[in-house]
Amino acid sequence: MKRDIVTSIIGIFVFTILCGLVYPLFITGVTQVAFPGNANGQQIKLDGKLVGSKLIGQNFGVPVLEKNGKPREVKGVIVTEPDPRYFQGRPSATEGGAYNAAASTFSNHGPNSVRTEEANAENIKAYLELNTGPNRRPYDPTLTVATIPVDAINSSGSGLDPEISRANAWIQAYRVAAVRRVALATVNGLIARYTSGRGLGFSGEEGVNVLELNLVLDRLTGGTG
C-alpha cells in the first residue's frame, strides 16, 4: 500500500507540472509566435493606447443629460443615446447597460415573446429616428420599416457583436456622410475596406467591423461632424 501511495503522489506531482504548467506555457508560446493577434484578443490601439478589440462591439453613444447638465442614470447605469457621427452596432442586451463586455449575455426572451416584440419595436423606432435628418426625411431616401436589416432590430446571443451587415452599414452611411460632411462614395469605400468575407469562403455572412470603421472616420474628419 505504501508503494501505491508514493506512486500516486509522484503521478499527481508529475502530471500537475506537465498539464498545469508545461503544456499551457508551450501552447501560449506557440500562439504568441504563430498567432500573436488572435492570442492577445485582436487588440486595436490608437497612438499606443488600447481602444478596443476587433472581436468585441462597444457603445458609440453620448450621455443623455438632465436639465442640471449631469448625465441621466437608471439603476446606476448612465443612459446614452447613439452619436449620429458614428456607425452603430447591433442592439445589445447585456446586463448593466448596452455593450457591457464584462457581462456578455442575451435577452433570454423567445421569438414569440411579448418582451421581444416590444424590444424589436423600440429598436425599429430608434433606428428610424437615428437615420432621419433635421428635415424629418431619412438620410437614405429608400429607408422604410420594411428595408431595415434584421441585425438592426434583433440583439445577438452575446450582445457584443463587433460587426454589422453591409446592408445595415450602407443605410447608416447616408447619415454618417451627411453629419460628417464627407462624400457618400468615400464612406462606402471605407465600408468595403473594412468588410470581412465569409469564413472559409462560404460560412456565415460578410460583416463590417464597426470599431475599425469609426476609427478611420475619426482620422479622416478629426472626430468631428
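Counting heavy atoms of the protein chains alone, Arg72 has an accessible area of about 90 Å² for a 1.4 Å probe. With every protein chain in place and a 1.4 angstrom probe, the accessible-area ranking of Asp140, Asp161, largest first, reads Asp161, Asp140.
For region 55-70, backbone phi angles converted through the Karplus equation (6.51, -1.76, 1.60; θ = phi - 60°) give residue-by-residue couplings of 9, 10, x, 9, 7, 10, x, 10, x, 7, 9, 7, 4, 7, x, 8 Hz, Gly and Pro being listed as x. Calculate the tail of P(r) for region 65-170: the fraction of all Cα-Cα distances greater than 24 Å, expressed in %. Here the tail beyond 24 Å accounts for 29 percent of pairs.
Accessible area of Lys49 (1.4 Å probe, protein heavy atoms only, ligands and nucleic acids ignored): about 140 Å². Divided by 2.2 N^0.38 Å, where N counts the residues, the Cα radius of gyration of region 131-187 comes to 1.21.
If R0 is 35 Å, the Cβ-Cβ spacing of Ala192 and Arg137 corresponds to a FRET efficiency of close to 0.85.
Simple spin-label estimate for Thr147 and Lys67 gives 4.0 nm between the two label positions (7 Å along the Cα-to-Cβ direction from each Cα). The amide H of Arg72, built 1.01 Å from its N in the peptide plane, has Val64, Leu65, Glu66, Val79 as neighbours under 5 Å, considering only residues 5 or more places off or on other chains.
Checking the cross-link pairs Lys54/Lys75; Lys45/Lys125; Lys45/Lys67 against a 32 Å limit on the alpha carbon distance flags Lys45/Lys125; Lys45/Lys67 as lying beyond it.
The values are calculated or read from the model by the stated rules, or taken from the named source; none is laboratory data. The structure presented is a predicted model; accordingly, all values stated were derived computationally and were not measured. Cβ: placed from backbone, ideal geometry, glycine included. Neighbour counts: every protein chain shown. The protein model used for the area step is the full one, side chains on, heavy atoms only, and it has no ligands, DNA or RNA in it. Shrake-Rupley method; radii C 1.70, N 1.55, O 1.52, S 1.80 Å.
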